Every structure is written in C-alpha cells, then in structure tokens.
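Visitor: The structure's right below; bear with me while I get my questions together.
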Amino acid sequence: MADCIQASQKVLLVLSKDFLQSRWCLLEANLSLFRDCIERKPVLPVLLEPCAVPIHLSHLTYLEAWDPNFFSKVLKVLCTPNCHLSSSTVVPFQPPSVYNGKVLLTMSSVDQEDIPTWKTGEFSDLDIPDHLRMVIEDSENYKKAIRMINSVPPPTFCFKNPWVRGALILLVISLQVPMLLLFVLAIVNTDIPVECAFIIIFLMIIWCFMVFILAVNTAYWGKEKGKENLIVMKRRAGEANALLLHEKLLIGCESRTKLHFVYLSLEGCRATFRETFRGSTPPGEKMLHTALLYFSSGYACCVARKHFPFPLPVGTSPGHLVGSVCFCQYVAQRLGQGMWD
C-alpha cells in the first residue's frame, strides 16, 4: 500500500461506517508506514455516508457522496495539478500537530469489572494501541511508561487477602451462633434469672456493634486506600509523561481504571519555563520536570474533559494551546490556589 501511495499523485480516501468498523484499524496501523510518503500529497477524503470521522483525519475537508455536484468536484480535483490546489477544498496531509490538544485514546484497565476499592487497575503494555501509532515512535518508551503506571505498590493490610477475609467471616459466624442461641434461650427459658438474661442481651448487642464497627472500618479503609493509590498512580503518570515528553503525549489518570492519552506539544511551555527560571537554581528544565510529575496528569484530564477547575483572570495573555489553557497557565493557576495535584 505504501508503494502505491508513493507512486501516486493524489490520495483518494473513501470512508463508510462498515469500513471504519471492520478495516479502519488495519489502515490506521499502516499509516505510520507511509505517512512520510503522503506528507506532500493532497488527500481527498470522500464520505459515502454520514459517519464518525477518525481523529487522525479530522483536519481534512470532506466531499460528500450525496452532494449533487459530487462527481464534478472529484473530477475537478483529480484533473487539477497539485501545485494549483492551494485554494482548493482539499487540504494536503498534515503532521499530527493538527490535532494538538485532542484525546487520542481513553484506555480502560483489563481488570476494571472486578477490581476492589483499594486496588489500582492493570493496563496492557503488550503493544502500542492503534490509535497511538501515529504519534509514538519508540514502542519501548511507551511500554516503560505503562509499566510505571502499573507499578503502584499494593497496600500492606491483611484484609486485602481473600483467605484472611474468609477466615474472619467464619470466626464471626462461629461466635455469632452461640451468642444467638444464648439470646433465644434467655427469651424462651423463664427459669434463667433476669440479671443473666439482661447480661446475655447486652453481650449480644455489644457483639453486633463490634461486628458493625469492624465492617465499617474495613470498608472505609478500602475507600481511603483507593484514594491514596490514585494519588500515587497520578505521580506515576507524571513520571511517564516526563518520559513521553518528546512524543508529545500526555497521560491523565481519570480514575483507578481509566487513562486518557492526549496529544499535546509542550514546546512553547518549555520555552516559558526556561525563560522564567533562567539563571536560577534549579534551572527551567528541572522545574518543568517537577511540574510534569505533579501537574501533568491532572492537566491531561482537564484537557480531555474540556473543563478546568478555575477561570482564567481577565486580561490573561493567550497560552500555547489555541482555544484552551496551556500547561504553564494551568501550573501557575494551581500553584496560585495552593493546590498540588
């Protein structure tokens, strides 16, 4: 396929729902092989029917097959020399920077369905997902980044083991049954002194209360450990983002089982860090690395949700991300709020 495109003058890409569902992943995987071939060739996308346009091609202008003037438009483009297509509706192929700030992939953990509240999800690092092949050049860096996120240590608590919880349940039942029998005996048998009956009932209430407190504390522990592990997971995602900085890819931890992969070029923000901390200790590159560790995961999630937890002050100069908040603006606002994501 790459050889055919390299030998052609123009690229005609026909899209339909069936094609996107059944064969788009194969084409998307091959795009990384011939993207250099079509960098200077006009691409003419044709929609056979209304369908979701892949994000990799969202910057192109489409011809619709149901347009009454469709054939005349196609013939006009195909018969026009490439050097005269600058004013045409067809846009030449552009590098991935055209979808700067867009979500390339939302990944769920492989164990999201039955994950306990205190555990973080496990994400697959076997291969690069098809949606990321266009931007990731070093597969080993990607795998290393995912392993960083998967390396959140499990909590050291005996109740996390199923056999411990099972033994505890058996112990509770074994003690609960005699208590229940004594309680029934105290009610039915009128020969038991009233004082003994009250003591049995009191012990039964105390036992039930202790079991309830233990269950609540265990559930609360699991929830709090889940929050703590999410914070650690975001730090690991920050380390992964520092590793993937040259790939222009940021990972955001939306939850313990969901990751957002956002294409973001931070070259403008890097220049701002260098200029702001010029001649200081630590230098700008070190400060950018620290900012990535603490803020990049939260920033990627905000970009993915298209919502930031603060309004930009009036008169703020435009950032480095068109139509949104850039990374250095985000870091400045969070630090101004005393927040460390």
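Visitor: Would it be correct to say that residue 307 is in contact (Cβ under 8 Å) with a residue 24 or more places away in the chain and outside any helix (DSSP H, G or I)?
Guide: Details: in contact (Cβ under 8 Å) with a residue 24 or more places away in the chain: no; outside any helix (DSSP H, G or I): yes.
In short, no.
Visitor: Going through region 221-274 one residue at a time, which ones are among the β-branched types (Val, Ile, Thr) and not in a helix (DSSP H, G or I)? Let's see the steps before the verdict.
Guide: So in region 221-274, the residues among the β-branched types (Val, Ile, Thr) come out as 231-232, 251, 257, 262, 272.
Selection gives 251, 257, 262.
Visitor: Only one of these is surrounded by 10 or more Cβ atoms within 10 Å (Cβ to Cβ), more than 21 Å from the chain's Cα centre (by Cα) and not aliphatic (A, V, I, L, M): 269, 326. Name it.
Guide: Residue meeting the stated conditions: 269.
Visitor: Sticking with this one: Please name all residue pairs, on different chains or six or more residues apart, with Cβ atoms under 6 Å, provided the first residue is in region 124-140 and is within 14 Å of residue 247 (Cβ to Cβ) and assigned to a loop (DSSP other than H, G, I, E, B) and the second residue is among the basic types (Lys, Arg) and open to solvent by less than 70 Å² (accessible area, probe 1.4 Å).
Guide: Sorted first by the residue in region 124-140, then by its partner, the list stays empty.
Visitor: Okay, next question. Being touching a His at 6+ places or on another chain (Cβ under 7 Å) and under 18 Å from residue 300 (Cβ atoms) is the requirement here; does residue 268 meet it? Steps first, please.
Guide: On the way: touching a His at 6+ places or on another chain (Cβ under 7 Å): yes; under 18 Å from residue 300 (Cβ atoms): yes.
Judged against the criteria, residue 268 is a match.
Visitor: State all residues of region 122-136 that are touching a Lys or Arg at 6+ places or on another chain (Cβ under 7 Å) and under 11 Å from residue 146 (Cβ atoms); if no residue qualifies, say none.
Guide: The answer is 125, and nothing else.
Visitor: Out of the residues in region 275-304 that are in a helix (DSSP H, G or I) and of a type in the set (S, T, N, Q), state the one that is farthest from residue 108 (Cα to Cα). Quick ask: steps written out before the conclusion?
Guide: Our first condition is that a residue be in a helix (DSSP H, G or I); within region 275-304, this holds for 275-276, 284-304.
Okay, now just the ones that are also of a type in the set (S, T, N, Q), so 276, 290, 296-297.
Values: 276: 38, 290: 27, 296: 19, 297: 16 Å.
Of everything passing the filter in region 275-304, 276 is farthest from residue 108 (Cα to Cα).
Visitor: Further, regarding this structure: Whether any residue in region 193-216 is modelled with pLDDT under 70, closer than 30 Å to residue 260 by Cα and open to solvent by less than 80 Å² (accessible area, probe 1.4 Å) is what I want to check.
Guide: The answer is no, given that none of the residues of region 193-216 is modelled with pLDDT under 70, closer than 30 Å to residue 260 by Cα and open to solvent by less than 80 Å² (accessible area, probe 1.4 Å).
Visitor: Can you name the number of the only condition in (1) open to solvent by 30 Å² or more (accessible area, probe 1.4 Å); (2) closer than 24 Å to residue 149 by Cα; (3) without any contact (Cβ under 8 Å) to a residue 24 or more places away in the chain; (4) not hydroxyl-bearing (Ser, Thr, Tyr) that residue 236 fails?
Guide: Here residue 236 clears every test but (3).
Visitor: Going by what's in this entry, would residue 167 be described as part of a helix (DSSP H, G or I), more than 24 Å from residue 255 (Cβ to Cβ) and modelled with pLDDT of 70 or more?
Guide: Numbers: part of a helix (DSSP H, G or I): yes; more than 24 Å from residue 255 (Cβ to Cβ): yes; modelled with pLDDT of 70 or more: yes.
Criteria met by residue 167.
Visitor: With respect to the numbered conditions (1) surrounded by fewer than 23 Cβ atoms within 10 Å (Cβ to Cβ); (2) modelled with pLDDT of 95 or more, which one is the sole condition not fulfilled by residue 252?
Guide: All conditions are met except number (1).
Visitor: When residues of region 272-302 are filtered for being open to solvent by 10 Å² or more (accessible area, probe 1.4 Å) and among the aliphatic types (A, V, I, L, M), how many remain? Please lay out each step first, then the result.
Guide: Applying the first criterion (open to solvent by 10 Å² or more (accessible area, probe 1.4 Å)) to region 272-302 yields 272-283, 285-287, 289-290, 293-294, 298.
Next, only the ones that are among the aliphatic types (A, V, I, L, M) stay: 287, 293.
Residues in region 272-302 being open to solvent by 10 Å² or more (accessible area, probe 1.4 Å) and among the aliphatic types (A, V, I, L, M): 2 in total.
Visitor: Tell me which residues, restricted to region 131-164, are open to solvent by 30 Å² or more (accessible area, probe 1.4 Å), over 20 Å from residue 296 (Cβ atoms) and at pLDDT below 90.
Guide: 133, 139, 153, 154, 156, 157, 158, 159, 160, 161, 162, 163
The values are calculated or read from the model by the stated rules, or taken from the named source; none is laboratory data. Bear in mind that the values here come from a model prediction, so they are computed numbers and not experimental data. Cβ coordinates were reconstructed from backbone atoms using ideal geometry, including for glycine residues, and neighbour counts include every protein chain displayed. What goes into the accessible areas is simple: the full protein's heavy atoms, side chains included, and nothing from ligands, DNA or RNA. Shrake-Rupley method; radii C 1.70, N 1.55, O 1.52, S 1.80 Å.
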